[in-house]
Every structure is written in structure tokens, then in C-alpha cells.
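Undergrad: Can you keep this structure in mind? I'll have questions shortly.
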Amino acid sequence: MTELSDDLLPTTRRALLHRLAVAQSEGRTPSMVAGVLRDGRLVWSGARSMVDGHAPTNDVQYRIGSITKTFVAVLVLRLRDEGLLDLADPLGRHLPGTPADRATVAQLLSHSAGLASETPGPWWERTDGGLRPGLDDLLEAERPLRHPAGRVHHYSNPTYALLGALVERLRGEPWGEVLRREVLRPLGMNRTGPLPEHPHAGGFAVHPWADVMLPEPLTDTGRMAPAGQLWSTVDDLATWAAFLTTGHEMVLSADTVAEMRRPAVGPDPDDWSDTYGLGLQLVRHGDRILHGHSGSMPGFTAGLWVSEADGLAAIAFANSTNGVRTAAVAAELIALTAEHEPRIPAPWRPLAEFDEELLALTGPWYWGAAPHALRLTADRGLELSVLGRAGRAGRFRAETDGTWTGLNDYYTGETLRVVRAADGSVSHLDIGSFVFTREPYGPAEVVPGGVDPQGWQAY
């Protein structure tokens with residue numbers, strides 16, 4: 001048993017260790033390791049093993065399966081942010097000749113390109129990648145699509161193999177080398193890579209009806225590697241979980257990371273428990289929304305989740321093919337920590353300085369007759385709230401040109417402008433052509449469609 005924390009209460013640490021121990025015991029897995037982050041820092045880690053007196057440390061590598069896809073998505077979004085591609089580009093513009101030529105990069109990232117879930121046989125996870133040397137070998141030539149592109153979310157492992165090949169085409173070198181140079185080294189993730197390095201766990205299958213084990217083969221999956229090849233550690237994936245919350249100036253901006261975790265496709269109408277962003281899974285666990293990814297490969301399962309609202313993240317690994325739902329354990333570690341030690345809000349403090357003109361914008365505004373309130377935030381942003389029964393709320397980020405850009409819900413990406421009268425005074429607000437005035441439907445000259453000249457009347 002190993003533990004790391006001076007920050008969590010003893011009762012919290014006990015509850016986390018108990019959950020991990022139950023999962024390892026009831027799941028009959030040779031070993032499990034896990035960690036919890038609070039506000040971007042690893043505050044607890046634990047391990048359980050079938051070997052008395054020995055348990056893996058935070059530096060032991062486990063295979064992380066489809067969590068690999070989150071790394072590939074970051075590489076693709078770096079290409080977008082550099083202007084080398086657009087998310088609306090068809091794949092064939094940059095990587096011609098594949099069965100997915102007409103699918104857009106965004107559809108590929110969000111598993112909505114309609115491609116088949118798996119490669120033609122044999123099962124790619126347990127066979128050498130040399131059996132699929134070319135991109136044409138990743139999908140059935142006769143029926144590569146299972147759904148029309150852009151219509152539904154259909155999880156597809158070959159999709160991320162194609163995205164890895166896209167990175168290689170535009171960077172001119174293997175995706176793993178690009179990953180190491182552009183992401184892993186800047187973040188200090190020196191124990192993450194496509195092949196295991198000592199110390200690492202061995203992968204096993206556990207017999208369903210007897211307590212005996214079978215070693216799983218260690219395979220290099222070749223072109224399919226971007227779908228699930230990477231190995232990593234608790235310490236390294238703690239760094240990755242923190243990155244998936246705040247971004248990093250040398251890797252990907254906070255705004256682009258936030259874009260990754262926005263839903264890109266709608267969930268199944270009959271099941272609102274999960275959906276998918278740009279390379280990230282989004283799941284509902286209890287009353288909280290988590291972003292991250294689950295992962296599995298023969299001999300290994302893994303889970304990484306972040307709860308932005310709680311300031312918490314958790315990682316869990318196991319080295320058995322089945323028997324324990326590692327991603328569920330990671331989600332439960334977040335819930336346990338939040339239950340035992342709910343997030344303490346930062347103390348309220350007044351602004352150190354403020355702009356009188358911005359302060360003058362605050363207070364009540366009306367969209368037609370619907371009352372709203374505008375509030376100034378510490379970063380010169382604005383928050384629009386609804387005071388009556390009708391209207392739309394929104395948060396807005398200040399831009400250098402004196403406008404504000406919507407950050408959420410209906411106003412996402414829309415521009416808020418302050419419109420001034422001839423004498424320089426504020427006339428009204430314009431949010432994507434919606435006019436907000438200081439009085440209900442007034443002044444009449446700025447209200448779209450005008451106002452009845454008789455004004456408000458009693459009937």
C-alpha cells in the first residue's frame with residue numbers, strides 16, 4: 001500500500017483507499033493504482049497488489065488504451081491553431097485516398113464521421129501492426145461507413161489511426177515523435193510513450209470461474225497505435241489531467257482546451273449520460289459532469305476524469321483485461337473526495353481597480369420588456385443574468401477592440417457591443433442584433449421595428 005498526501009483529511013484518505021481496495025479485491029485484478037488531484041496538484045495516491053508487501057509506485061507504467069486519443073486530439077488542434085488546417089476541412093484535403101476523404105476533421109475528432117468501430121479482422125488490439133501496413137488496411141474497402149457522416153456519434157478506433165496519419169503527413173515525421181517533442185517534453189511527462197519502459201506492469205487476463213491468470217500478449221499495433229498504444233504513470237497522467245483543465249502556454253491554450261470539452265455531438269436521445277467533444281468524453285456521474293477518457297487494451301484498463309466544478313480530477317489503472325470498471329472507480333474517487341471535502345470557495349474581494357465607464361454599464365437592461373442585469377467581473381468581463389421569467393443569460397469575455405465575446409449557451413461566440421449616441425453617451429447594447437436598452441422598449445429610435453407612438457397604455 002502506498003499513499004501520498006498531507007492535504008486531505010485522514011478520513012478522506014481512508015475512504016479513497018477503501019474504494020481502491022474494494023475495486024482490486026472484488027475486481028480480481030493483479031494490481032491497481034490511482035491518484036486524486038485537487039486544483040491541479042496530486043494530493044493522494046494509492047495502490048493495491050496481489051503481492052504481499054509490494055505495490056506499484058506512481059512511476060510504474062500501465063497501458064492507458066484510448067486515453068491515447070486525447071493526446072492525438074491535442075496534436076490535431078495544435079495544427080488547427082497554427083493555421084495548417086481547419087476543423088471544417090475534409091480529411092482528403094490533407095490526407096487523400098482514404099475511405100474517409102469527405103469526413104471533416106471535426107467529425108473525425110468527435111467520432112461522428114460514421115466510420116466503422118473496428119478494423120477488418122483479426123482483432124487489432126492483440127495482433128501485430130504489421131498486418132495492417134497501409135491506411136487502406138484500416139477499414140473495409142466495401143463498407144467503411146456505418147452511418148452518414150455528421151449524423152450520429154459512432155465510436156471508431158480507425159478514425160484516430162487516420163488522425164495520427166494526418167499528424168504525420170503535416171508534420172513530416174511519426175506521430176509518436178511529434179507527441180514527444182510538442183507535448184510530452186514541454187509538460188515534463190517523461191514516463192509516457194508508445195512502448196513500455198521499466199518499471200512497467202504486465203498485463204493479464206483473469207479466468208472468469210477460477211482465480212488463475214493468463215498473460216496477455218504485448219503488441220505494437222503499428223498504424224492503429226494512435227487509437228490506444230500509449231503507456232503512462234499516475235504522476236504523468238496527473239500532469240495531463242491538470243493540462244486538460246488549464247492548458248499550457250507551450251502546448252495548447254486554455255481556450256482551445258475548453259473547446260475540446262464542449263459537446264461536439266448530441267448524446268443518444270434515450271441516454272443523456274454521456275457525449276463526446278473534440279477528443280474528450282463527457283459523462284454524467286451523479287449530479288456532476290466529468291470530462292476525460294476511459295481506456296482499455298488487452299491486459300489493462302484505465303480511467304481519467306476531471307470535474308471542473310469541483311476542482312478535482314482522478315486517475316485509475318488496473319492490469320487485467322476485465323473484471324474492474326477502472327473508469328468508474330476514477331469517477332467515484334472524485335465523488336468521494338468532493339463528499340468528504342467539498343470545494344471551499346475563494347474569499348470575496350473587491351476589485352483593486354476598475355474602469356468608471358465599465359461600471360456605468362452595470363445594472364438593469366431590458367430586451368424589449370424582459371428585464372436583465374449586467375454585472376462587471378474582475379477580468380473586465382461581463383455577466384448578463386435574467387431578472388424576469390423570460391430571457392437569456394450569458395457570460396462575455398472582454399476583447400481588445402472594446403467588444404465582448406459570448407462564452408456560453410445561446411450567446412457563445414456572439415459579440416456584445418456598446419453603442420453610443422452622438423454625444424458619446426451609451427445608447428444601448430447590441431448582442432448579435434438583440435438590442436438592450438435602459439428602459440423597456442425605449443428609447444424608441446433604437447428599438448428594431450420601432451415603438452407605437454402612443455407608448456405604454458392602460459386597457
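The values are calculated or read from the model by the stated rules, or taken from the named source; none is laboratory data. Quantities reported herein were computed from a predicted structural model and do not represent experimental measurements. Every residue, glycine among them, receives a Cβ derived from its backbone with ideal geometry; neighbour counts consider all protein chains shown.
Undergrad: Within region 196-218, can you find the residues that are in a loop (DSSP other than H, G, I, E, B) and more than 14 Å from Thr233 (Cβ to Cβ)?
TA: Gly202, Gly203, His207, Pro208, Trp209, Ala210, Asp211, Val212, Glu216, Pro217, Leu218
Undergrad: For region 125-143, what are the residues that are free of Cβ contacts under 8 Å to residues at least 60 places away in the same chain and buried (at least 20 other Cβ atoms within 10 Å of the Cβ)?
TA: Within region 125-143, just Leu139 meets the criteria.
Undergrad: Quick one: is Ala458 in a loop (DSSP other than H, G, I, E, B), among the hydrophobic types (A, V, I, L, M, F, W, C) and in contact (Cβ under 8 Å) with a residue 12 or more places away in the chain?
TA: Values: in a loop (DSSP other than H, G, I, E, B): yes; among the hydrophobic types (A, V, I, L, M, F, W, C): yes; in contact (Cβ under 8 Å) with a residue 12 or more places away in the chain: no.
No, not satisfied.
Undergrad: Checking Lys69 against (1) in contact (Cβ under 8 Å) with a residue 40 or more places away in the chain; (2) farther than 24 Å from Glu118 by Cα; (3) crowded, with 18+ Cβ neighbours inside 10 Å, which test does it fail?
TA: For Lys69, the failing item is (2).
Undergrad: Would you check which residues across region 188-217 are surrounded by fewer than 18 Cβ atoms within 10 Å (Cβ to Cβ), of a type in the set (A, V, I, L, M) and more than 13 Å from Ser320 (Cα to Cα) and list them?
TA: Within region 188-217, Leu195, Ala210 qualify.
Undergrad: Then there's this: Inspect all residues belonging to region 410-419 and state whether any of them is aromatic (Phe, Trp, Tyr), at pLDDT 90 or above and surrounded by 12 or more Cβ atoms within 10 Å (Cβ to Cβ). Show your work before the answer.
TA: As a first pass, look at region 410-419 and keep what is aromatic (Phe, Trp, Tyr): 410-411.
Narrowing further to those that are at pLDDT 90 or above: 410-411.
Applying the additional criterion that residues be surrounded by 12 or more Cβ atoms within 10 Å (Cβ to Cβ) yields 410-411.
Within region 410-419, one or more residues are aromatic (Phe, Trp, Tyr), at pLDDT 90 or above and surrounded by 12 or more Cβ atoms within 10 Å (Cβ to Cβ).
Undergrad: Here is a list of conditions, (1) touching a residue at least 40 places away in the same chain (Cβ under 8 Å); (2) surrounded by fewer than 17 Cβ atoms within 10 Å (Cβ to Cβ); (3) more than 25 Å from Val33 (Cβ to Cβ), and Tyr366 meets all of them except one; can you say which number that is?
TA: Failing condition for Tyr366: (2).
Undergrad: If you go through region 144-159, how many residues are without any contact (Cβ under 8 Å) to a residue 60 or more places away in the chain, crowded, with 16+ Cβ neighbours inside 10 Å and part of a loop (DSSP other than H, G, I, E, B)?
TA: 4
Undergrad: I've got another one for you. Which residues, taken from region 178-206, are within 18 Å of Gly65 (Cα to Cα) and of a type in the set (Gly, Ala, Ser)?
TA: Across region 178-206, the qualifying residues are Gly193, Ala201, Gly202, Gly203, Ala205.
Undergrad: If I ask for residues that are surrounded by fewer than 16 Cβ atoms within 10 Å (Cβ to Cβ) and of a type in the set (A, V, I, L, M, F, W, C), which ones from region 1-29 would you list?
TA: The answer is Met1, Leu9, Ala21, Val22.
Undergrad: Which strands (runs of 3 or more DSSP E) sit wholly inside region 257-375 and have at least 1 residues that are among the hydrophobic types (A, V, I, L, M, F, W, C)? Talk me through it step by step, then tell me what you get.
TA: Values: elements: 274-276, 281-285, 288-297, 300-307, 312-318, 363-367.
Correct list: 281-285, 288-297, 300-307, 312-318, 363-367.
Undergrad: Residue check, Pro122 against (1) in contact with a helix residue (DSSP H, G or I) (Cβ under 9 Å, 6 or more places away or on another chain); (2) in a loop (DSSP other than H, G, I, E, B); (3) surrounded by 15 or more Cβ atoms within 10 Å (Cβ to Cβ), all met but one. Which one?
TA: Exception for Pro122: condition (3).
Undergrad: Identify the residue in region 429-455 that is on the phi > 0 side of the Ramachandran plot and free of Cβ contacts under 8 Å to residues at least 60 places away in the same chain and, among all such residues, is surrounded by the most Cβ atoms within 10 Å (Cβ to Cβ).
TA: If we take residues in region 429-455 being on the phi > 0 side of the Ramachandran plot and free of Cβ contacts under 8 Å to residues at least 60 places away in the same chain, then Gly432 is surrounded by the most Cβ atoms within 10 Å (Cβ to Cβ).
Undergrad: Let me ask another. Kindly check whether there is at least one residue in region 30-43 that is over 25 Å from Gly202 (Cβ atoms), touching a residue at least 60 places away in the same chain (Cβ under 8 Å), surrounded by 15 or more Cβ atoms within 10 Å (Cβ to Cβ) and in contact with a Phe, Trp or Tyr (Cβ under 7 Å, 6 or more places away or on another chain).
TA: Yes, the conditions are met somewhere in region 30-43.
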